[in-house]
Amino acid sequence: MTLLARIERLEAESAIRRLMADYCHGFDKREWDRFASVWQDGAVWAIVDAGLEFVGVPAIVAQGKSMWIEHGMLQSHHHNANAVIDVDLGAAVANGMTDVHVNVQLADRSWQRQIATYVDRYERRDGVWKMVRREASGTAHWTIPASENDRQA
């Protein structure tokens, strides 16, 4: 592999890591333009264990927003770990996988902790890497009752 190819691969991996982070920050901070910016047109967000798929950026963002409303979420915090990214520069595609822990505070001030794996597909179009598919699977979750401090907040 040439030096130029190695640099291009590292730049691609860096751009994809940024997408992984912007997905989390966009959702957690309800920065919907940021959340939308990680997806290619026609992208798919699949919540595998629930059998749900949302197709297209508008549908994906609408689902993100509705999750905050439907679950009465007060806070959300995503923490990604163990990212693996495989880039095929010639085909302008990449596959990614990361584990995620999500802590969500609900309207009753209890906390829900979720654990999942994200399996992603990325494409570079017009020189820009974005996500074309994210599958969230293997989710486990449990609820932690509100503490006295949480109830008083």
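The values are calculated or read from the model by the stated rules, or taken from the named source; none is laboratory data. Note that the structure is predicted; figures quoted are calculated from it, not measured. Glycine also receives a Cβ, built like all others from the backbone with ideal geometry; neighbour counts cover every protein chain displayed.
Of all residues in segment 114-136, those that are touching a residue at least 24 places away in the same chain (Cβ under 8 Å), small (Gly, Ala, Ser) and surrounded by fewer than 16 Cβ atoms within 10 Å (Cβ to Cβ) total 0. Return the residues of segment 26-45 that are touching a Lys or Arg at 6+ places or on another chain (Cβ under 7 Å) and either surrounded by fewer than 16 Cβ atoms within 10 Å (Cβ to Cβ) or among the small types (Gly, Ala, Ser) (or both); say none if nothing qualifies. Hits for segment 26-45 are Gly26, Trp32, Ala43.
Ser14 meets the conditions (1) loosely packed, with under 14 Cβ neighbours inside 10 Å; (2) on the phi > 0 side of the Ramachandran plot; (3) of a type outside the set (Lys, Arg) in every case but one. The failed one is (2).
When restricted to residues that are more than 20 Å from Val128 (Cβ to Cβ), under 15 Å from the mean Cα position of the chain (by Cα) and of a type in the set (A, V, I, L, M), segment 60-91 contains 4.
Just a yes or no: is a residue in segment 137-152 modelled with pLDDT of 95 or more, part of a strand (DSSP E or B) and not aliphatic (A, V, I, L, M)? No, segment 137-152 contains no residue that is modelled with pLDDT of 95 or more, part of a strand (DSSP E or B) and not aliphatic (A, V, I, L, M).
In the condition set (1) loosely packed, with under 15 Cβ neighbours inside 10 Å; (2) in contact with a helix residue (DSSP H, G or I) (Cβ under 9 Å, 6 or more places away or on another chain); (3) within 28 Å of Ala12 (Cα to Cα), Leu52 is compliant with all but (3). Evaluated against (1) over 16 Å from the mean Cα position of the chain (by Cα); (2) surrounded by 14 or more Cβ atoms within 10 Å (Cβ to Cβ); (3) under 25 Å from Gly127 (Cα atoms), Ala94 falls short on exactly one condition, (1).
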